Amino acid sequence: MTKKIAVLSIFVLLFFARLAVAQEIIDTPIEHILVYPSDKSAPVRIYKTFPLTGRVIGMNLENASGASVTNKRTAESVSTDGNGLYKITAAKGDTLFFAIAKYSKEMRPVKNSKENLNVILMKRKANNLPAKHSQSDYDKAKAEDDELYRILEKDAKLEGKWNY
C-alpha cells in the first residue's frame, strides 16, 4: 500500500509541477520589440496617382512624335504617339520631364488630374548661352524665350492644337 501511495504521490507531484510551469507561462507578460525608423523627421507621403494625358508639339506647331515623357518621381517613361499625345501615371506635385532630340528639354509640375498637361518644345536661347555669360545675358535670353513661348501657346490654342 505504501508503494501505491508513493507512486500516486509522484504522479500528483508531476501533475502539479506541469501546472506550475504552464501557469508561469500564462502569467509571463509578452514583450513586444518595436523598431522605429531612426529618421522620424522624414514624413511618409502617400501618393494618389491618376492617368495624365497631354500633347507635345514643336515650335513650328508640329506634333512632336516620339518625344520622351518621364515622371521624375517614379522614373516611368513613355513616348508620344504620331499625334504628339501621351498618357502617363502621375500624382499631384510630380514633375514630368519632356525631351526630343532637336529641342531643349522641359520640366513641368503636375498640378491636378482634371487638366491635360500640354507642352511646346522649342530651342531655348537661355539654354544655349556660352559657358561664360552674365546674369543680364541670361535674364534677357530667358525673357525672349518666355515671350516666344507665350506667342506659340496662343497660336496653338487658335489652331486647336490642344483639342483632342
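Structure data summary
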{"quantity": "Computed lengthening from Y47 to W162, 0.36 nm per intervening residue step minus Cα-Cα distance", "calculated": "38.7 nm"}
{"quantity": "Contact order normalised by residue count of segment 90-164, Cα under 8 Å, 6+ apart, percent", "calculated": "22"}
{"quantity": "Entries in K114/K142; K87/K154; K105/K161; K48/K105; K92/K125 that, when Cα-Cα distance is taken, lie over 25 Å", "calculated": "K114/K142; K48/K105; K92/K125"}
{"quantity": "Sites L148 and D81, calculated FRET efficiency, Cβ-Cβ separation with R0 25 Å, nearest 0.05", "calculated": "0.45"}
{"quantity": "Solvent-accessible surface ranking, highest first, for R55, R150 at 1.4 angstrom", "calculated": "R150, R55"}
{"quantity": "Amide H within-cut-off set for L85, under 5 Å, with H built and near neighbours excluded", "calculated": "V56"}
{"quantity": "Accessible area, probe 1.4 Å, largest first, for residues M122, M107, M1, M59", "calculated": "M1, M107, M59, M122"}
{"quantity": "Under the Karplus curve 6.51 cos²θ - 1.76 cosθ + 1.60, θ = phi - 60°, whole-Hz ³J(HN,Hα) for segment 116-130, x wherever Gly or Pro sits", "calculated": "6, 9, 9, 9, 10, 8, 8, 7, 8, 5, 4, 7, 10, 6, x"}
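The values are calculated or read from the model by the stated rules, or taken from the named source; none is laboratory data. These numbers were taken from a predicted model, which means no experiment stands behind them. Every residue, glycine among them, receives a Cβ derived from its backbone with ideal geometry; neighbour counts consider all protein chains shown. For the accessible areas, the whole protein counts, side chains as well, though only heavy atoms, and no ligand, DNA or RNA atoms are used. Shrake-Rupley method; radii C 1.70, N 1.55, O 1.52, S 1.80 Å.
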